[in-house]
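The structure appears right after this line, and notes come after that.
Readers should treat all values here as calculations from the given coordinates under stated rules, not as data from a laboratory. Quick caveat, the model's predicted, so the values are computed rather than measured. Here the Cβ positions follow ideal geometry from the backbone for every residue, glycine too, while neighbour counts run over all protein chains shown.
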Amino acid sequence: MSNPVKFDVLAFGSHPDDVELCAGGTIAQMIADGYTVGIVDLTGGELGSRGSVELRAVEAANAAKILGVTRRVNLGLPDGNIENTPENRLKVVRELRFCRPELIFIPAPDCRHPDHPAGARLIIDAVFQSGLSKISSTDEHGALQPTWRPHHVLHYMQSIDFFPTLVVDVTRTWKTRLKAVEAYASQVFNPAYKPGVDEPETFISNPAFMEWHNARAKSYGYRIGAEFGEPFLYHQGPIGTNDLVAMLRKERPFR
Ligand SMILES: [Zn+2]
């Protein structure tokens, strides 16, 4: 059965807010350029020290609106326990086969939060299985989904740096990315949010966290001659090209 849905890009996050924090500028720019982008959150973030699952779902919906993504779903895996099981891989396979993205963003290969590399591993294994015809999955109407494997898999950077394969110039959309991140008022620093007495300051709600992310985007941006940049690690290299000049034309406007 043919599937009429076709996404250019699908961005996966272990928790709502991961994608906006680490690839929000790139996604906003892709959407501004006319590409179709979806977001898949693996968990609802129910172990978060601040806010609630319900509030995070509202914040995620608002952030998706700010970025302009076409579809956002939550797979409802348990926060803090993302297991690489046949059932969980199949949940990811269903999304891959439904959206049929050319390119996907996945969490970092290493991070202080174990859900991030665990999420990355689960998605990488699901990507492979999504291309196997004997792994069968059905859509919500019970129809058999055709196989699909995205052509490109890119890790975004989280709390542990890697040497990036490429850096996207996100100068045009950095403000949109900032607004999308600030939509998570219960999670990141937002002066409008008044945390309850039982909601402690966290690694990401500290105001310095936003400054660090800003500084990192400036640092990677400068390396490519841009004001702001988002770094990515290509999961399966090498990257092929048949026109190296066109591919690199926009890089380094100054020397
Ligand atoms: Zn996370």
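Some notes on this structure:
- Total formal charge among the other residues, if their Cβ is under 15 angstrom from that of VAL127, Lys/Arg +1 and Asp/Glu -1: +4
- Nearest-20 debye value, segment 9-248 charge dipole, Cβ charges on Lys, Arg, Asp, Glu: 500 debye
- Inter-part distance where segment 148-179 and segment 184-255 are each reduced to a Cα centre, Å: 7 Å
- All lysines inside 25 Å of LYS179 as judged from Cα atoms, apart from same-chain residues fewer than 8 positions distant: LYS65, LYS194, LYS218
- By other beta-carbon atoms within 10 Å, ranking ARG172, ARG56, ARG94 with the fewest at the front produces ARG172, ARG94, ARG56.
- Here CYS99, CYS22 are placed in order of increasing Cβ neighbour count within 10 Å, fewest first, which gives CYS99, CYS22.
- Relative contact order of the chain, defined on C-alpha pairs under 8 angstrom at six or more residues apart (%): 23 percent
- Total formal charge among the other residues, if their Cβ is under 11 angstrom from that of GLY221, Lys/Arg +1 and Asp/Glu -1: 0
- For TRP148, TRP212, order by how many other beta-carbon atoms lie within 10 Å, fewest first: TRP212, TRP148
- Its residues counted as N, the chain yields a C-alpha radius of gyration over 2.2 N^0.38 Å of 1.00.
- As a rough guide to protection, the peptides 32-44, 226-238 ranked by mean Cβ packing within 10 Å, highest first, stand as 32-44, 226-238.
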